[in-house]
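This report concerns only the one structure given below.
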Amino acid sequence: MPDLSVVIVSYNTRELLRNCLQSLRASAGLDLEVIVVDNASSDGSADMASAEFPEVTLLAQTLNTWFCGGNNIGIDAAKADFVLLLNPDTEVAADAPALMRRFLLENPEYVGATAQMAYPDGRIQRTCARIPAFRDLLMSYSLLGYLLPTLKRERARHVTYADWDRHSDRDVEVIPGSCAMMRRGDMRLDDDLLLYFPEEALARRHRKPMRFLAEARIKHHEKSSTRSWFATSIFFRDMLVYCRKHHGLGKMLLLWLLSRPVYWLMWLKNR
């Protein structure tokens, strides 16, 4: 059995995927099982992975199964007790997977771990968050945020741990799906979501601490495959699905009503 299964869901990110897989080849101290779930890419990602990385398990899909569905396909195929979900637009430091796995082995009370993520220019990304309350969804994605800007800023600072620079380890509530390690039995994502909010849903399901490890480092070319109006529309769709599941139908309808002006303003801006 491998020490760790790494699941990467790829959609038209061939060159970034190549760099990610090359970085995993250099990982130290672990026997890795690397699984690439290709979501019907049209840029040759699957052919590249098959030809250049024969050690990788390629699960090529005929349809786009999205982030959550694709990761669940990979998780179901994984053999190791620990699974690392990794975006294809990441490059992993050689010791990062081993550091995260060792922490979870030594601290069974923690349900998940993540690494410090940085942009290609070295700036540290402000990953991890608290589980958002319903009012945080209203402040961030509806007209109320424009009407109450001071409260919106205060809530955003609270949810995003604004007082923390990400240079030190910390217990957190939500870890990013772009780099999330958990035990295989704890990892499955919500199939009703497509791209967004699976991390928050996981945190709500487990209600156990997760750990940010500053010593484990990963380079991240953020949002390489989600820079489009279509992805924005999926965001609003997933937000409402998440809200209905965790806050109820009434609050979901209120959020839908108050978020529509923001949605249409973003659509007009995109045009």
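The values are calculated or read from the model by the stated rules, or taken from the named source; none is laboratory data. Keep in mind that this is a model prediction, so the values were computed, not measured. Positions of Cβ are generated from backbone atoms using ideal geometry, with glycine treated the same way; all protein chains shown enter the neighbour counts. Note: areas computed on protein heavy atoms with side chains; ligands, DNA, RNA excluded. Shrake-Rupley method; radii C 1.70, N 1.55, O 1.52, S 1.80 Å.
A few remarks follow.
- Taken residue by residue, the stretch 120-127 has no member that is touching a Cys at 6+ places or on another chain (Cβ under 6 Å) and in contact (Cβ under 8 Å) with a residue 12 or more places away in the chain.
- Members of the stretch 95-120 that are open to solvent by less than 40 Å² (accessible area, probe 1.4 Å) and more than 16 Å from MET181 (Cβ to Cβ): ALA118
- Boolean, PHE230 is in contact (Cβ under 8 Å) with a residue 12 or more places away in the chain, more than 30 Å from ASN107 (Cα to Cα) and of a type outside the set (Ser, Thr, Tyr): no
- Of all residues in the stretch 37-88, those satisfying the criterion of being surrounded by fewer than 22 Cβ atoms within 10 Å (Cβ to Cβ), of a type in the set (Asp, Glu) and outside any helix (DSSP H, G or I) are ASP43, GLU55, ASP81.
- Any hit, the stretch 121-129, residues being open to solvent by 60 Å² or more (accessible area, probe 1.4 Å) and closer than 17 Å to SER178 by Cβ: yes
- The single condition among (1) among the small types (Gly, Ala, Ser); (2) more than 28 Å from ASP3 (Cβ to Cβ); (3) modelled with pLDDT of 95 or more that ALA180 does not meet is (2).
- Scanning the stretch 169-205 for residues that are open to solvent by 40 Å² or more (accessible area, probe 1.4 Å) and closer than 24 Å to GLU106 by Cα yields ASP169, ARG170, ASP171, GLU173, ARG183, ARG184, GLY185, ASP186, ARG188, GLU199, ARG204, ARG205.
- Pairs where the first residue, in the stretch 92-114, is within 21 Å of VAL34 (Cβ to Cβ) and the second is among the polar types (S, T, N, Q) and open to solvent by less than 40 Å² (accessible area, probe 1.4 Å), C-beta under 6 Å, 6+ apart: VAL92/SER23; ALA94/SER27; PRO97/SER27
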